[in-house]
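Engineer: Pasting a structure here, questions to come.
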Amino acid sequence: MRLRYIELFHAVLSTGSLTGAANLLNISQPAASKALQQAESHLGFPLFSRVRGRLQPTQQALLMRHQIDKLMRDLYDLRRLAGSITRPESQPLRVTCTPTLAQALVPDAIVRLGKAYPETVVELFTQHSAVMCESLMLREADIGLTLQDVSHHGLLQEPLCRAAIMAVAPPGWWPKRELERPLSLSALADQPMIGITVQDALGAMLQTHLSMVKPAPRTSVWVQTYQLACSLVARGGGVALVDPFTAQCTKEPVQKRALKLQMDVVLYAVYRPDSPLNCVQLRFLDYVRQLAKGMLAGAA
């Protein structure tokens, strides 16, 4: 089956008419009709039947649809790769990241990239790590940024930087002389805390460590984001454990101390191994790495 037949078949499936398919492929309607007839003659069976003015795929066509869709996705990726080789700045940079990173880090990296590659269009999505992996596998995004070890067999993950988990407390909670000293986990015993209900590896590990503190911290409020935890802390709700980016970028008037714990937060870039990163994507990751390290150095 020739490529032009495959493209026409996919275009008719997408639009439901020969006129729509012709417009999509930038050819005339008679040319599209002739090509469809040639495709059906070549295959030996009809691909579409007309139902109430629209073309409906036949049973034979439906059997082919999955493979046709896959071929068109592969063709799209091939064209994007060819375009990125010749003019990578002309291809959109599609980034997905967690909400924390979208607020604390990624916007500055995008602004820097825009100055280096003013023709590049950036598409930014915010997703939690599990959904992020799905988007990358479905080729809906090119790069993911997360604070989780995703360990997905179909993806590569590159550590960009690492830092300690931070404890945040209301203003005046600790004496100023103690702010430079790491906070031991045992210091949280019997303390009022804001709990984090994030269902991820970081949240699970923190809960495991906190469960060993005796007497247990007193947690009466649970929230779903680290940003909301900082807001409650600033209003006197107690202490919270958050990632270093949230601690550094929050505008809430909280005190911050590194947690003395053998468990760092790692910033990962995640991407597909079958799609080599072009120069624009590599530059973007360089900016993310530089900004992250600078931000965390300022927090140290």
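Engineer: Has region 54-67 got at least one residue that is within 30 Å of GLN157 (Cβ to Cβ) and of a type outside the set (Gly, Ala, Ser)? Step through it out loud before you land on a result.
Structural biologist: Filtering region 54-67 for residues within 30 Å of GLN157 (Cβ to Cβ) gives 66.
Checking the rest, the ones that are also of a type outside the set (Gly, Ala, Ser) come to 66.
Checking region 54-67: at least one residue is within 30 Å of GLN157 (Cβ to Cβ) and of a type outside the set (Gly, Ala, Ser).
Rundown of residues vs (1) outside the structural domain of LEU101 (by TED's automatic domain parsing); (2) among the polar types (S, T, N, Q); (3) under 22 Å from THR98 (Cβ atoms); (4) touching a residue at least 60 places away in the same chain (Cβ under 8 Å), yes/no style:
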{"position": "THR208", "(1), (2), (3), (4)": "yes, yes, yes, no"}
{"position": "PRO217", "(1), (2), (3), (4)": "yes, no, no, no"}
{"position": "VAL223", "(1), (2), (3), (4)": "yes, no, yes, no"}
{"position": "LEU228", "(1), (2), (3), (4)": "yes, no, yes, no"}
{"position": "LYS293", "(1), (2), (3), (4)": "no, no, yes, yes"}
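Engineer: Determine whether VAL168 is under 33 Å from the mean Cα position of the chain (by Cα), under 23 Å from GLN224 (Cβ atoms), in a loop (DSSP other than H, G, I, E, B) and among the aliphatic types (A, V, I, L, M). Explain how you work it out, then say what you get.
Structural biologist: Details: under 33 Å from the mean Cα position of the chain (by Cα): yes; under 23 Å from GLN224 (Cβ atoms): yes; in a loop (DSSP other than H, G, I, E, B): no; among the aliphatic types (A, V, I, L, M): yes.
Spelling it out, it is not the case that VAL168 is under 33 Å from the mean Cα position of the chain (by Cα), under 23 Å from GLN224 (Cβ atoms), in a loop (DSSP other than H, G, I, E, B) and among the aliphatic types (A, V, I, L, M).
Engineer: Moving on to the next point. I need the full set of residues from region 123-179 which are touching a helix residue (DSSP H, G or I) at 6+ places or on another chain (Cβ under 7 Å), of a type in the set (Gly, Ala, Ser) and surrounded by 14 or more Cβ atoms within 10 Å (Cβ to Cβ), in order please.
Structural biologist: If the condition is that a residue be touching a helix residue (DSSP H, G or I) at 6+ places or on another chain (Cβ under 7 Å), of a type in the set (Gly, Ala, Ser) and surrounded by 14 or more Cβ atoms within 10 Å (Cβ to Cβ), then ALA141, GLY144, ALA163, ALA164, ALA169 are the ones that fit.
Engineer: While we're on this one: If the Cβ limit is 9 Å and pairs must be 6+ apart or interchain, which residue in region 104-123 that is over 15 Å from CYS279 (Cβ atoms) and outside the structural domain of VAL288 (by TED's automatic domain parsing) pairs with which residue that is aliphatic (A, V, I, L, M) and surrounded by 13 or more Cβ atoms within 10 Å (Cβ to Cβ)?
Structural biologist: Taking only residues 6 or more apart or on different chains, not a single pair turns up.
Engineer: Please verify whether TYR268 is of a type in the set (Phe, Trp, Tyr), out of contact with any Lys or Arg (no Cβ under 8 Å at 6 or more places or on another chain) and crowded, with 17+ Cβ neighbours inside 10 Å, treating the condition exactly as stated. Explain how you work it out, then say what you get.
Structural biologist: Details: of a type in the set (Phe, Trp, Tyr): yes; out of contact with any Lys or Arg (no Cβ under 8 Å at 6 or more places or on another chain): yes; crowded, with 17+ Cβ neighbours inside 10 Å: yes.
In short, yes.
Engineer: If LEU202 meets every condition in (1) over 16 Å from PRO170 (Cβ atoms); (2) among the hydrophobic types (A, V, I, L, M, F, W, C); (3) surrounded by fewer than 17 Cβ atoms within 10 Å (Cβ to Cβ); (4) in contact (Cβ under 8 Å) with a residue 24 or more places away in the chain apart from one, which number is that one?
Structural biologist: Of the numbered conditions (1) over 16 Å from PRO170 (Cβ atoms); (2) among the hydrophobic types (A, V, I, L, M, F, W, C); (3) surrounded by fewer than 17 Cβ atoms within 10 Å (Cβ to Cβ); (4) in contact (Cβ under 8 Å) with a residue 24 or more places away in the chain, the odd one out for LEU202 is (3).
Engineer: Of the residues GLN281, GLN248, which single one is modelled with pLDDT under 95, within 29 Å of the chain's Cα centre (by Cα) and assigned by TED's automatic domain parsing to the domain that holds MET137? Let's see the steps before the verdict.
Structural biologist: Details: GLN248 fails: assigned by TED's automatic domain parsing to the domain that holds MET137.
That would be GLN281, the only listed residue that is modelled with pLDDT under 95, within 29 Å of the chain's Cα centre (by Cα) and assigned by TED's automatic domain parsing to the domain that holds MET137.
Engineer: Another question, if that's okay. What's the number of the condition THR208 fails, among (1) part of a helix (DSSP H, G or I); (2) within 27 Å of the chain's Cα centre (by Cα); (3) under 16 Å from ALA167 (Cβ atoms); (4) of a type outside the set (A, V, I, L, M)?
Structural biologist: (3)
The values are calculated or read from the model by the stated rules, or taken from the named source; none is laboratory data. No experiment lies behind these values; they were computed from the predicted model shown. Quick reminder, even Gly has a Cβ in these numbers, built from the backbone with ideal geometry, and neighbours come from all protein chains shown.
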